[in-house]
Amino acid sequence: MSVSSPAPWLVGVLQVVFVLLYSSGFIVGTIATNAASPFAIIFWRFIIAGSLLALTALVMRAPWPRTWREWRDIAVTGLLLQTMHYAGTYLGFYHGISASLSSMILGMMPLLVALGAWQLLREPLTKRQTLGTIIGFGGLLFTTAFGLSGGDSLLSIAYTAIGCAGLSAGTLYQRKFGVQMDLRSGGALQLYVGAIGMLPFALAHDGLALPMTGAVVFSLVWLSTLNSLGAITLLLWFLKHQTAGEASSLFYLMPGVTAIAAWPLLGQSVQWYSIVGLLLTGLGLLLVARYSPSAIARRELDASLTESSS
């Protein structure tokens, strides 16, 4: 079954919303892990967001998975896109990585996804898309080269890299096997799987209890609703209507947007190289999005993915 192409203006609006919501997670995540255990924060954000999505699915009578393959694919994506992605990212925050550097490392995800989609999903890469990917990655490297201050520990960087690997692998797996998944019921189940995957880590460290301070309550509400429900649901929607390369290219914008937001919210000054990097990554994103495969090519790709996953 092919997926109808949404209006370009709608995609553009949702892309802006997604970048803002996902970038906010780096800011609020830093605040949250300074106030509570990262594992407990992640566990409860998954439970809250999953319950809200499950309630939405029940009220709207959304279809639920029926076959073992559907349950398997949801579970695998949940472990990669939720547990591995957020455990690595928040452990990086917990061990002191800055919000800007964290977003820079996760900003490498589009390159990994583009290469993986080209090899594993047979997604075509035009010359202009390749150029856009190179420019976007170049802007990311430019920002990273000037932004590394030496104050971040190797352990925090390693944990964040693990989070980037989970995000990249989960994106590819979702595009390969989860195109037909209902975003309400499937998204709820993925969040519950993420919570189950996080449970042993939380119990082995600081437990599930959270201090009910203003910072923790605010962070938990923000991350559960706007970040998990909003940003991740939008990412799944993009993967339903776009190629993996197109959807992931938005992550090139995260470092610049996060650096700008970190100035008033975390007291981290905006540097000139963040602005230059944001302009370069924006140009790369424009090339990738403007010269994307045609609707016919995408429908053919969707059909081949559906056939290969059945």
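How far is the Cα center of segment 188-252 from the Cα center of segment 31-69, in Å?
When both Cα centres are located, 8 Å separates them.
Give me the net charge for the shell around A57: Cβ to Cβ below 12 angstrom, other residues only, Lys and Arg +1, Asp and Glu -1.
+1
If Lys and Arg each add +1 and Asp and Glu each add -1, what is the summed charge of the other residues whose beta carbon sits under 14 Å from the beta carbon of A35?
0
Consider just the alpha-carbon atoms of segment 35-106 and return their Rg together with their Dmax, both in angstrom.
Computed over the Cα atoms of segment 35-106, radius of gyration and Dmax are 15.4, 43 Å.
Add -39500 (n - 2.57) for each DSSP H run of 4 or more in the chain, then divide by its residues: what number comes out at 222 nm, to the nearest 500 deg cm²/dmol?
Rounded to the nearest 500, the figure is -23000 deg cm²/dmol.
How large is the dipole of the chain about the Cα centre if only Lys and Arg carry +1 and Asp and Glu carry -1, each at its Cβ, rounded to the nearest 20 debye?
For this selection, approximately 520 debye.
Given an 8 Å cut-off on Cα distances and at least 6 residues of separation, report the relative contact order of segment 8-309 as a percent.
37 percent
Which three extents, in whole angstrom, do the alpha-carbon atoms of segment 1-139 cover along their principal axes, largest first?
47, 42, 30
Could you tell me how many cubic angstrom of Cα convex hull volume the chain has per residue?
Spread over its residues, the Cα hull of the chain gives 124 Å³ apiece.
Only the coordinates and a few stated rules stand behind these numbers; no lab work does. Note that this is a predicted model, so its numbers are computed, not measured. Note that each Cβ is placed from the backbone with ideal geometry, even for glycine, and that neighbours are counted across all protein chains shown.
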